[in-house]
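Here is the structure we will look at, set down as C-alpha cells.
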Amino acid sequence: MINEKVKNWLDGKGFGDRLTEHKETIDTVEHAAQQIGCTEAEIAKTLSFIVDGKPVIVVMAGDGRVNSSKFKAQFHTKPSMIARDQVEDLTGFPPGGVCPFGIL
C-alpha cells in the first residue's frame, strides 16, 4: 500500500510517477533487493536514531554500517536507534518502512 503522505510529497516534487507498489512486505534491505532485482549495495536504507529526544534519519547504502565516530562528530552523541515500539510515533512511519522525507 502506498503511503499517501509520501505520494503527495513526491507528486509535489514531480516524482510521483516513479512510485512502485509491491505485493510483498519489504521490511529489510535483503527483501528490498530481492523484490527490486538489485544488490543490497544499490538499496538506499534509512536508519532512525534519537538525538536530543528528536528523530534523526540517516540514509545510506543498504550494505553500509553506521560509523559511530562520524555519527558522534556530527551529532555530538553516540548513535542510539529509536526503539521499535516508538518508531511510528516519532517518524510517522512503521518500523521497516521509514521514509527519508515526509517525516512528522
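Tally the residues that are in contact (Cβ under 8 Å) with a residue 40 or more places away in the chain and in contact with a His (Cβ under 8 Å, 6 or more places away or on another chain), restricting the search to the stretch 22-61.
The total comes to 1.
Out of all the residues in the stretch 14-55, which are under 27 Å from residue 79 (Cβ atoms), surrounded by 14 or more Cβ atoms within 10 Å (Cβ to Cβ) and over 15 Å from the mean Cα position of the chain (by Cα)?
Residue satisfying the conditions is 51 alone.
Could you count how many residues in the stretch 47-91 are on the phi > 0 side of the Ramachandran plot and out of contact with any strand residue (DSSP E or B) (no Cβ under 9 Å at 6 or more places or on another chain)?
Final tally of qualifying residues: 2.
So which residues in the stretch 13-46 are in contact with a strand residue (DSSP E or B) (Cβ under 7 Å, 6 or more places away or on another chain) and charged (D, E, K, R), if there are any at all?
45
Throughout, read-outs are computed from the coordinates displayed, never taken from laboratory work. All figures in this text were calculated on a predicted structure; none of them were measured in a lab. No Cβ is skipped: glycine too gets one built from the backbone with ideal geometry, and neighbour counts run over all protein chains shown.
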